[in-house]
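First up is the structure itself, then whatever we jot down about it.
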Protein chains: 4
Amino acid sequence: MTTWGESHGPALGAVVDGCPPGLDLAAAEIQQELNRRRPGIGPGASPRKEEDRVEILSGVFEGKTTGTPITLLIPNRDAESSDYDRLRDVFRPGHGDFTYQRKYGLRDHRGGGRASGRETAARVAAGAVARKVIAQAGVEVFGFTAELGGVAAERFSREDIRKNNLLCPDSRAAEKMSEKIKAARAEGDSLGGVVEIRAAGCPPGLGEPVFDKIDADLAKALMSIGAVKGVEIGAGFRAAGMKGSEGNDPIGPGGFMTNHAGGILAGITNGEEIVVRAACKPIPSIGKEQETIDIHGNPRRISVGGRHDACVIPRIIPVCEAMVCMVLADHLLRQMNNPRHEA
Amino acid sequence: MTTWGESHGPALGAVVDGCPPGLDLAAAEIQQELNRRRPGIGPGASPRKEEDRVEILSGVFEGKTTGTPITLLIPNRDAESSDYDRLRDVFRPGHGDFTYQRKYGLRDHRGGGRASGRETAARVAAGAVARKVIAQAGVEVFGFTAELGGVAAERFSREDIRKNNLLCPDSRAAEKMSEKIKAARAEGDSLGGVVEIRAAGCPPGLGEPVFDKIDADLAKALMSIGAVKGVEIGAGFRAAGMKGSEGNDPIGPGGFMTNHAGGILAGITNGEEIVVRAACKPIPSIGKEQETIDIHGNPRRISVGGRHDACVIPRIIPVCEAMVCMVLADHLLRQMNNPRHEA
Amino acid sequence: MTTWGESHGPALGAVVDGCPPGLDLAAAEIQQELNRRRPGIGPGASPRKEEDRVEILSGVFEGKTTGTPITLLIPNRDAESSDYDRLRDVFRPGHGDFTYQRKYGLRDHRGGGRASGRETAARVAAGAVARKVIAQAGVEVFGFTAELGGVAAERFSREDIRKNNLLCPDSRAAEKMSEKIKAARAEGDSLGGVVEIRAAGCPPGLGEPVFDKIDADLAKALMSIGAVKGVEIGAGFRAAGMKGSEGNDPIGPGGFMTNHAGGILAGITNGEEIVVRAACKPIPSIGKEQETIDIHGNPRRISVGGRHDACVIPRIIPVCEAMVCMVLADHLLRQMNNPRHEA
Amino acid sequence: MTTWGESHGPALGAVVDGCPPGLDLAAAEIQQELNRRRPGIGPGASPRKEEDRVEILSGVFEGKTTGTPITLLIPNRDAESSDYDRLRDVFRPGHGDFTYQRKYGLRDHRGGGRASGRETAARVAAGAVARKVIAQAGVEVFGFTAELGGVAAERFSREDIRKNNLLCPDSRAAEKMSEKIKAARAEGDSLGGVVEIRAAGCPPGLGEPVFDKIDADLAKALMSIGAVKGVEIGAGFRAAGMKGSEGNDPIGPGGFMTNHAGGILAGITNGEEIVVRAACKPIPSIGKEQETIDIHGNPRRISVGGRHDACVIPRIIPVCEAMVCMVLADHLLRQMNNPRHEA
């Protein structure tokens, strides 16, 4: 999978190579996933209207994948790049402006260019293809808000996820989270949180033994999302404080009795539910004034107003799901190489 | 970099390809790193004597690297595989026994085979080469124990790291950690902890913009170590609870004023110290009896006694360092491709 | 570099990743290369009007490359796929119809789908970017017709290449080639030939020592073009009949005295001109009736009329040049990794 | 697959990753292939005694592959590197001495170092593993001498290949070839030739559609052997002189009626025999005096006597077979990814 495109260029998109032939695939299905990522969802949403309309340019013939590369294109429509003119020479704190300038010697300053969160639209589109691949093997991926603005979900109700627009499995916690978002927005500030992704129905045996462990690939995939600063599998950082007798999952004739491993042992799926969490930092674009410098090194004070979300959650959830779907699809297809596979 | 070898096969090793020519390289330097990983270091150490003697089989001529693949070989000497006969048909909880059996249909049951922690000796050897590469660019990598058995280091003294055998930057905390280890060992139990790795002197501009962000590669590299269940960069999971105005690092004419980013912005190094933490689960081999099944699905009770460490820390620290050195070396070499690079 | 797209889908294109930042790049420059590949050039040309208009969708900002992926899009305009309805169930001899059906279980039968020669338009577009990269290092790539329909060029005049529309360095041979093409077309038949590509100004030291020798990569790149059935470097198949004393290129203080090696020794460039030749089979779409079967295995007779070229030469020359440019660009950028490089 | 090692270092070897688990594999089987490559076979053989004894260091447990990396080690025994001292400062014509010096700034001058033909022993060892993988799918690979010193085989008898020590399918031609070799040796000169490799029993559907066509991978694999200067598939360069009506293979209910395609259509196997030919240049090490320069640029005259073969054929045949086996094994395993595959 390759994505390309800048926030304010003519379009962005993805090329998905290696998809098996003969799968039903329609633009409408991909669109459905994209709609879950669009702004105006959730109380922290940005008013910017991104009408992300995906087109399939190749790899599908008469409604079925052909086995050749699938190209997905999302034209950029509501891209008012003149908004960004005043940012041309200044580095926004918490953004890639400084590092891009140092790496490349020049940068597309409009809305973050390649580093923009808009790039993730292409990931969601490509993830929709991966989701179809894994669905064929009976794997279902879903995500939810585990923590937001310091408020943690205290119970898990799958039903609640659908009920509140923060996709939180604890609707009462969701209310407190909404309050936090409103307060942060009023202050011109922003919030972070923790997203949890689960994959049910995953066969045992996926993952490679050493460097390409499936948890290593999941960690890379999630950490490659701009806002993510931490990734953990199963008990994760909590495992560091456990004893071996607490952390080991005992095995019984009916399967594992607990799931501290998060469905992965020695880098290979064990048939239990896969559980991954990603820590997301607060959105760096805030109205509050911050100290920074311009490209000549002079001190500047900057307020990054405009049409930005106050919290990356819940919009980032379909992005995290898409990345997990892609890793699982990749390992499912790899494992078919293995003549002894039980996957 | 490729590693190969099982815990109880004739040898294990690594092939390092892509190392620049003309670097001084001696087996003794690699040996030095390996010695830091050997058992008998730290109070949680296993009595198994692994005399890891590394040999350089290729890629070095008259003391200098030639630019061709460097092969490092570590013969297995103290491998009493008969110890493991009683484990042939049973799955140890917390180990890869179950998943290897399901993936491959057969497995080398001796000491974990390919999934054994011994495989990391090859990583440490290869990491010693990477460390030389990055040292040329002025980058220094070091690690320490941030938390062990629930006890966290409360202060950071670089000197302390050298003073206690847990490599803890807070010698008083180290004493409490030692107590915890002794107690766990007495109970036939084991402990986990958190390792922190820092890289100083890293030039800005390392890392690729989208999927191959340098933090994504660091997350994959560390998560590919068997014991690691979580990885975080900079403020990591703490960032999820911050506001944007707290989490953003303000920039001044002299550089960044704080380092919540852990030296990485938008996947690219910003010139500040790189800070990564890895959560390590407790060692799964414990004397305490556990419930499990055999390969026929029958319930069994098992006590995995023998020559095992009670805590993976501090022996895992040089392994984590090696992985970080390899990722940095890789990105340093890549960035030289960039005619505008400042690296 | 990734290409995507089918002959008769909505569009085809390429994504070029890894291009250095700060290079001037305009769609017009890429268009110029594409125009060299368009039909209506040369006496063997197809009357199908492919108005290949390339658009740059990403990776270029204010006329300069940004270092991020460059996406090139070529909409398909003149695609009358109904022409192909009668081919839906029948395998054209010499085409990929049979193998695609066996591999994927279904295929886009319109104009060859993914296997169509149209896919090479994307290669030419991407090659134009690579050509700019190598031009910066002083490397110039050009190709010509060495043989066509059994007629070989007997002299080499760089000027002649520009004078005749077969791009033949021997204008008298070019006349005979034209006659051959006319005769083949009259018979409803087609012709093949040999293309030679040369790269001047290439620095010594490009290429990796073992599997990724630069001649190995050139061979793969050219053989990946549908019509190519053979590739040779320097003296190539003639070298098989030479003695060592004839085939070795003596070295003098001023450089190599001959160039049987074609500019490559032990997989690494030696500073002399790189010389590669590709044998192209005749175009398989011919008016003459041929024996074949349908997808049910029944014998059929088929005449593939329509708007096809009688000879793949000279249109294939810019495609071969593009592939050579991409391999050289790739190795030039890789060699910059090498701190001792002279490239 | 990775190989490593220099001609005169302590050892050379290969790491084969991705081999399916559960395959019977013994060192003796690999040894058998290595013995076919050893000197003293054929009239052009070098008197150097390379007792290549292969050891399996990892990836095999109780006689079966485990699915983890297989490491093969071949110690260097008869390595008199002092023979090469007089070559330390001089570039042998036709060798990689010049290009290695320019690329790396230093080189292991002993016997060609990494560029030595000895590196191919590791390929043969690794190829023996690949041969086992493809044998399971019913694929058999064999090679023979098609041309040597300008003498071509004029008939094909599979039996003859086993009868003469040049592995020529035409024993009468083999006699003439032997005469040519004796004459060349007497003159202190060397010869080249053409090797043909065939693969029978290959299922249709192997190969990827665009850049990773199976013929592209075969071309790269063969061209990566030092002596090879040209590769052709099926009719190869002869196809350039054919008309479409001659070159296309008609299809009948019983299969393809001819095999000009060499078993590959549009980069994908069609179920017919795969036919590949590699043009090998004469061995560059000759006794005859040649002009060259030393590393300071001074003219020198050099005679490379010693223990060298007069012709790379037939010893290169198992090397070419090994490369073909590896490409086929790779594509067979890849195709298993394809849920619709018929392979």
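Per-atom-type breakdown for the protein assembly as shown gives carbon and sulfur 47% of the accessible area (1.4 Å probe, protein chains only). For segment C:94-174, relative contact order (Cα pairs under 8 Å, six or more residues apart, normalised by length) works out to 16 percent. Mean projected area of the Cα convex hull of segment D:239-290, taken over all directions, amounts to 6.2 nm². With the convex hull constructed from alpha-carbon coordinates only, segment A:135-229 shows a mean projected area of 7.8 nm² over all directions.
Pairs of C-alpha atoms in the protein assembly as shown farther apart than 65 Å represent 8 percent of all such pairs. Cα extents for segment B:124-179 along the principal axes, largest to smallest and rounded to whole angstrom: 38, 20, 17. Taking the label point 7 Å along Cα→Cβ, D:GLY138 and its counterparts in the other copies are spaced 3.1, 5.8, 6.5 nm apart, in ascending order.
Given Cβ point charges of +1 (Lys, Arg) and -1 (Asp, Glu) and nothing else, what value in debye, to the nearest 20, does the dipole of chain B about its Cα centre take?
Values: 44 positive and 45 negative charges, 139 e Å.
Charge dipole of chain B: 660 debye, to the nearest 20.
The alpha-carbon atoms of segment B:281-323 define a convex hull whose volume equals 106 cubic angstrom per residue.
Label separation (B:ASP85 vs C:ARG162): 8.4 nm, computed from points 7 Å beyond Cα along the C-beta direction. Think of segment B:242-328 as a dipole: +1 on every Lys or Arg Cβ, -1 on every Asp or Glu Cβ, centred on the Cα centre; then among B:PRO299, B:THR269, B:PRO318, B:PRO299 lies furthest on the positive end.
Taken across both chains, chains A and C shield about 2500 Å² of accessible surface from a 1.4 Å probe.
Between B:GLU246 and B:SER171, the C-beta separation translates, for a Förster distance of 41 Å, into a calculated FRET efficiency of about 0.85.
Distances between placed amide hydrogens fall under 5 Å for B:ARG300 paired with B:THR292, B:ILE293, B:ASP294, all partners being 5 or more residues away or on another chain. Legend: calculated FRET efficiency, B:ARG53 to D:ARG300, from the Cβ-Cβ distance at R0 = 60 Å, rounded to 0.05, equals 0.90. Label reach from C:GLU62 (point 7 Å along Cα→C-beta): in segment A:276-314, amide nitrogens under 20 Å belong to A:293-300. In order along segment B:285-297, the phi-based Karplus estimate (6.51 cos²θ - 1.76 cosθ + 1.60, θ = phi - 60°) of 3J(HN,Hα) comes to 7, 10, x, 4, 6, 10, 8, 7, 10, 9, 5, 8, x Hz; Gly and Pro are listed as x. Counting every alpha-carbon pair across segment B:186-317, the share separated by more than 21 Å comes to 55%. Taking the square roots of five times each eigenvalue of the Cα gyration tensor of chain C, the equivalent ellipsoid has semi-axes of 34, 26, 19 Å, listed largest first. Amide H to amide H distances under 5 Å link D:MET242 with C:GLY192, where only residues 5 or more positions off or on other chains count and H is placed in the peptide plane. Each Lys and Arg adds +1 at its Cβ and each Asp and Glu adds -1 at its Cβ; summed about the Cα centre, segment B:225-343 shows a dipole of about 380 debye. Using a 7 Å projection from Cα along Cα-to-Cβ, the label point at B:GLY150 is separated from the same position in the remaining copies by 2.6, 8.8, 9.0 nm, smallest value first. Couplings for segment C:214-221, taken from phi via the Karplus curve 6.51 cos²θ - 1.76 cosθ + 1.60 with θ = phi - 60°, read 5, 6, 5, 5, 5, 4, 5, 4 Hz in order; Gly and Pro are left as x.
Calculated FRET efficiency, B:ARG155 and B:GLU273, Cβ-Cβ r, R0 30 Å, to nearest 0.05? Provide the component values of the computation, followed by the final result.
On the way: r = 17 Å, r/R0 = 0.58.
The pair B:ARG155/B:GLU273 has a calculated efficiency of 0.95.
The phi-based Karplus calculation (6.51 cos²θ - 1.76 cosθ + 1.60; θ = phi - 60°) puts the 3J(HN,Hα) values of segment C:164-179 at 10, 7, 9, 6, 9, x, 9, 4, 5, 4, 4, 4, 5, 4, 4, 4 Hz, whole numbers, x for Gly and Pro. Site pair D:GLN31 and C:GLU140 shows an inter-label distance of 5.9 nm when each label is modelled 7 Å from Cα along Cα→Cβ. For the residue pairs A:LYS64/A:LYS163; A:LYS229/B:LYS220; A:LYS243/B:LYS182, the alpha carbons lie more than 23 Å apart in A:LYS64/A:LYS163. A 1.4 Å probe run over the protein assembly as shown, with the rest of the protein chains in place, finds 33 Å² accessible per residue. Only Lys, Arg, Asp and Glu count, each charged at its Cβ (+1, +1, -1, -1), so figure out the dipole size of the protein assembly as shown about its Cα centre, rounded to 20 debye. My answer is approximately 0 debye. Sorted from shortest to longest, the distances between the D:GLY254 label points of this copy and the other copies are 6.3, 6.4, 8.9 nm, with each point 7 Å from Cα along the line through the beta carbon.
The values are calculated or read from the model by the stated rules, or taken from the named source; none is laboratory data. All values derive from a computational prediction rather than experimental measurement. Positions of Cβ are generated from backbone atoms using ideal geometry, with glycine treated the same way; all protein chains shown enter the neighbour counts. Heads up: the accessible areas ignore ligands, DNA and RNA and are worked out on the full protein's heavy atoms, side chains in. Shrake-Rupley method; radii C 1.70, N 1.55, O 1.52, S 1.80 Å.
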